[in-house]
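K.L.:
Could you have a look at this structure, given as structure tokens, before my questions?
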Amino acid sequence: DIQMTQSPSTLSASVGDRVTITCRASQSISTWLAWYQQKPGKAPKLLIYKASTLESRVPSSLSGSGSGTEFTLTISSLQPDDFATYYCQQYNSYPYTFGQGTKLEIK
Amino acid sequence: EVQVVESGGGLVQPGGSLRLSCAASGFTFSNYWMYWVRQAPGKGLVWVSRINGDGSSTKYADSVKGRFTISRDNAKNTLYLQMNSLRAEDTAVYFCARDRGSALGELLHWGQGTLVTVSS
């Protein structure tokens, strides 16, 4: 199985900050990577697919990049609504796997 | 509006069985691959299973292979997850999800989840 490792596990930041979350795959997954945002008690929300394509109605302050084994999710200017937990997911090969999550907290 | 609504969760004893359902609406159900993802309390997301549009192809996580069966009834617009030989570690909120339409595993539409608790 492909292991997905996110860093950091927790990130403290302030409104207006630029933040980056990293996701590493245990083997190459080309660009078959998605990013999700989840808030407590809610279902995940798809933000980015194919490593860098923004899903409809997702703010342009979010961006994704990477290929192969290393990927990043960047939020250029944090807004209050961005504080949540973020997950990466590979869909290069079965079983699909998620990273362990990065909790973005208000500093 | 696309909607997927899970049901069937509850308390079950170790070794027991449970069948989850996911009622879909707002799209042509048979055209889309469907998925189950779970989340143990306070933990991260875990991909569980996938089924193609006509039900002829299924995939499973290693942790549930041989115990869980995904299926669908396209006439009823409903997805199922039959869970047998349940273990304490299967305790989780189970989400049903539909992909973007690409059959690639990008999970766009999610239900609210149904809680399964395995405990004596």
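K.L.:
Of all residues in the stretch A:37-52, which are of a type in the set (Ser, Thr, Tyr) and facing chain B (nearest Cβ under 9 Å)?
P.N.:
Quick first cut of the stretch A:37-52, residues of a type in the set (Ser, Thr, Tyr) only: A:49, A:52.
Of everything in the stretch A:37-52, just one residue is of a type in the set (Ser, Thr, Tyr) and facing chain B (nearest Cβ under 9 Å), namely A:Tyr49.
K.L.:
Further, regarding this structure: Tell me, which residue of the stretch B:72-83 that is in a strand (DSSP E or B) and of a type in the set (D, E, K, R) is surrounded by the most Cβ atoms within 10 Å (Cβ to Cβ)? Show your work before the answer.
P.N.:
The first filter runs over the stretch B:72-83 and keeps only residues in a strand (DSSP E or B), leaving B:72-73, B:78-83.
So of that shortlist, the ones also of a type in the set (D, E, K, R) come out as B:72-73.
Working: B:Arg72: 23, B:Asp73: 12.
Taking the candidates together, the pick is B:Arg72.
K.L.:
Are any residues in the stretch A:8-36 within 14 Å of another protein chain (Cβ to nearest Cβ), assigned to a strand (DSSP E or B) and surrounded by fewer than 21 Cβ atoms within 10 Å (Cβ to Cβ), and if so, which ones?
P.N.:
A:Thr10
Residues checked against (1) assigned to a strand (DSSP E or B); (2) acidic (Asp, Glu); (3) crowded, with 19+ Cβ neighbours inside 10 Å:
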position: A:Ser60; (1), (2), (3): no, no, no
position: A:Gly64; (1), (2), (3): yes, no, yes
position: A:Leu73; (1), (2), (3): yes, no, yes
position: A:Tyr86; (1), (2), (3): yes, no, yes
position: A:Gln89; (1), (2), (3): yes, no, yes
position: A:Asn92; (1), (2), (3): no, no, no
position: A:Pro95; (1), (2), (3): no, no, yes
position: A:Lys103; (1), (2), (3): yes, no, no
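K.L.:
Then there is this: When the stretch A:47-74 is examined, which residues are found to be under 10 Å from the mean Cα position of the chain (by Cα) and among the aliphatic types (A, V, I, L, M)?
P.N.:
If the condition is that a residue be under 10 Å from the mean Cα position of the chain (by Cα) and among the aliphatic types (A, V, I, L, M), then A:Leu47, A:Ile48, A:Ala51, A:Leu62, A:Leu73 are the ones that fit.
K.L.:
Can you work out which of the residues in the stretch B:74-120 that are touching a Lys or Arg at 6+ places or on another chain (Cβ under 6 Å) and small (Gly, Ala, Ser) is farthest from the other protein chains (Cβ to nearest Cβ)?
P.N.:
Out of the qualifying residues, it is B:Ser85.
K.L.:
With more than 16 Å from A:Gln38 (Cα to Cα), at pLDDT 95 or above and part of a strand (DSSP E or B) as the only criterion, which of B:Leu108, B:Leu115, B:Leu86 stands out? Can you show your working first?
P.N.:
On the way: B:Leu108 fails: more than 16 Å from A:Gln38 (Cα to Cα); B:Leu86 fails: part of a strand (DSSP E or B).
Exactly one of B:Leu108, B:Leu115, B:Leu86 is more than 16 Å from A:Gln38 (Cα to Cα), at pLDDT 95 or above and part of a strand (DSSP E or B), namely B:Leu115.
K.L.:
In addition: What's the number of the condition A:Leu78 fails, among (1) at the interface with chain B (Cβ under 9 Å from one of its Cβ atoms); (2) part of a loop (DSSP other than H, G, I, E, B)?
P.N.:
Only one criterion is unmet by A:Leu78, namely (1).
K.L.:
In the set A:Gly68, A:Gly64, which member is away from chain B (no Cβ under 14 Å), in contact with a Ser or Thr (Cβ under 6 Å, 6 or more places away or on another chain) and not hydrophobic (A, V, I, L, M, F, W, C)?
P.N.:
Just one listed residue meets the conditions, A:Gly68.
K.L.:
Looking at (1) free of Cβ contacts under 8 Å to residues at least 24 places away in the same chain; (2) surrounded by fewer than 16 Cβ atoms within 10 Å (Cβ to Cβ); (3) charged (D, E, K, R); (4) farther than 19 Å from B:Trp36 by Cα, find the lone condition where A:Lys42 falls short.
P.N.:
Going through the list (1) free of Cβ contacts under 8 Å to residues at least 24 places away in the same chain; (2) surrounded by fewer than 16 Cβ atoms within 10 Å (Cβ to Cβ); (3) charged (D, E, K, R); (4) farther than 19 Å from B:Trp36 by Cα, A:Lys42 breaks only (4).
The values are calculated or read from the model by the stated rules, or taken from the named source; none is laboratory data. On a predicted model such as this, the values are computed, not experimentally measured, just so you know. All Cβ positions, glycine included, derive from the backbone under ideal geometry; neighbour counts span all protein chains shown.
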